[in-house]
Amino acid sequence: MRNVSRAIAGTSIFTLMAMCMVSLGTFFGENQPRSAQKPRSIDYFGGWMGKITVSQDDELLHEIPAGWRGKGEGKTRLLYLDYTAVHGHAYEPRDQQNAPSCVGQAAAAAVDILAATEINLLGHRERAPPGRVAASIIYGLSRQEIGGLGPMAGGGSHCLWACQALQQYGAVIHRNYGLIGYNLSQPSPSQCIRFGAKGVPSSLEDIAKLHPVYEYIKIASYEELRDAVYAGSPVIIGSNVGFGNKTGRKRDNEGFLNPPRRRWHPSVWAHAMVVVGVCDKDRKGALILNSWGAHWISGPKRFGTEPEGSFWADAKIIERMVSQGDSFAIRRFKGWPNYRLW
């Protein structure tokens, strides 16, 4: 203690002030990795960590299938209806609450929709998954097993990392895995935060590997997104395009929500969502499903059947979102075989 007092006594007031500023910066997150910091001017930080470069030698990334190109032009595809057909009820929106897990939520919802679409639309011989996909697993895998962020890296992830987690590991559904000591029967923000900081336990990794998504495909334009969704592949979008306040939003008479026009600065969200429908007729656009529950938005629906918590966005807005480089279509999910005994 005496040595510490001598050291402090021999330190200039300016050095001490600098030390205090560094300490406060660490406490408030200023020394987190740049991609994990919350930008100062954003309206909402959902957990998207920003743009990420896709390596040109990424052997796991698939090209856009030639059969997709132009197939969605002038057409409509509503993937959420496949979920309703398979499960017998409408898709219920997710709610990430206080966890910065939007990437995991969007990816999990995409797998929910993909599994149903591949059964109902594409005719895969599988049975409906016995539960919804756990976002906490994808979120944790994306941050730690794929991204290697470490426990002190703040919150959030990249859509690319989530897709790689689904391909290299896979998806786990909500249920009580009592035999291995984990209860995932209900969505849990605290579980998202815990797995996001420490990674996913190896026993749950083994379960995830039973149900991988074999392909993820980079989407860079509205037309590519339109064709992917028309072919049955939901698209996970990460961007900083904002749509105003987090609560009290209202769709217009056609079911669309557009970024508010502000004189001083545009609305900015650091957020990931999933596209589950497209309509390339009349007012062209895509249907975005959010992860804030059912009541953050209200108002008319374009077709009247859209899931709660969703909204349509104009094609030019979709173009802005996917141009930021972290949007991916997923396909070829290994689900649950439909065993027949006769």
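In segment 66-141, which helices (runs of 4 or more DSSP H) lie fully inside it and hold 3 or more residues that are closer than 19 Å to Cys279 by Cα? Per the criteria, 80-87, 102-120.
Among the residues of segment 92-111, none qualifies, meaning not one is touching a Pro at 6+ places or on another chain (Cβ under 9 Å), in contact (Cβ under 8 Å) with a residue 40 or more places away in the chain, surrounded by 24 or more Cβ atoms within 10 Å (Cβ to Cβ) and on the phi > 0 side of the Ramachandran plot. Residues that are under 29 Å from Leu81 (Cα atoms) and among the polar types (S, T, N, Q): does segment 104-112 have at least one? Yes, there is a match, as at least one residue in segment 104-112 is under 29 Å from Leu81 (Cα atoms) and among the polar types (S, T, N, Q).
Out of the residues in segment 250-269 meeting the condition of being touching a Phe, Trp or Tyr at 6+ places or on another chain (Cβ under 8 Å) and at pLDDT 95 or above, tell me which one is farthest from Met321 (Cα to Cα). The qualifying residue farthest from Met321 (Cα to Cα) is Glu254. Of the residues making up segment 211-225, at least one is within 30 Å of Gly170 (Cβ to Cβ) and in contact with a Gly (Cβ under 6 Å, 6 or more places away or on another chain).
Quick grid of which residues meet (1) among the aromatic types (Phe, Trp, Tyr); (2) modelled with pLDDT under 95; (3) in the same structural domain as Ile288 (by TED's automatic domain parsing); (4) touching a Ser or Thr at 6+ places or on another chain (Cβ under 9 Å):
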{"residue": "Pro130", "(1), (2), (3), (4)": "no, yes, yes, no"}
{"residue": "Ile138", "(1), (2), (3), (4)": "no, no, yes, yes"}
{"residue": "Pro151", "(1), (2), (3), (4)": "no, yes, yes, no"}
{"residue": "Ser157", "(1), (2), (3), (4)": "no, no, yes, yes"}
{"residue": "Tyr169", "(1), (2), (3), (4)": "yes, no, yes, no"}
{"residue": "Ile193", "(1), (2), (3), (4)": "no, no, yes, yes"}
{"residue": "Leu210", "(1), (2), (3), (4)": "no, no, yes, no"}
{"residue": "Tyr216", "(1), (2), (3), (4)": "yes, no, yes, no"}
{"residue": "Leu225", "(1), (2), (3), (4)": "no, no, yes, yes"}
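One residue alone among Asp280, Asp252 is in the same structural domain as Tyr80 (by TED's automatic domain parsing) and touching a helix residue (DSSP H, G or I) at 6+ places or on another chain (Cβ under 6 Å), and that residue is Asp280. I'm checking my understanding of the structure. Among residues of segment 161-206 that are part of a helix (DSSP H, G or I) and touching a strand residue (DSSP E or B) at 6+ places or on another chain (Cβ under 7 Å), which one is surrounded by the most Cβ atoms within 10 Å (Cβ to Cβ)? For segment 161-206, the residue satisfying everything is Ala162. Residues in segment 260-313 that are outside any loop (DSSP other than H, G, I, E, B) and over 27 Å from Trp161 (Cα atoms): Cys279, Ile297, Ser298. When Gly304, Gly285, Gly309, Gly325 are checked against the criterion of being without any contact (Cβ under 8 Å) to a residue 40 or more places away in the chain, assigned by TED's automatic domain parsing to the domain that holds Pro212 and either crowded, with 18+ Cβ neighbours inside 10 Å or charged (D, E, K, R) (or both), Gly285 stands alone in meeting it.
The values are calculated or read from the model by the stated rules, or taken from the named source; none is laboratory data. Please read these numbers as outputs of a predicted model, since none were measured by experiment. Methodologically, a virtual Cβ is constructed for each residue, glycine included, from the backbone with ideal geometry; neighbour enumeration extends over all protein chains shown.
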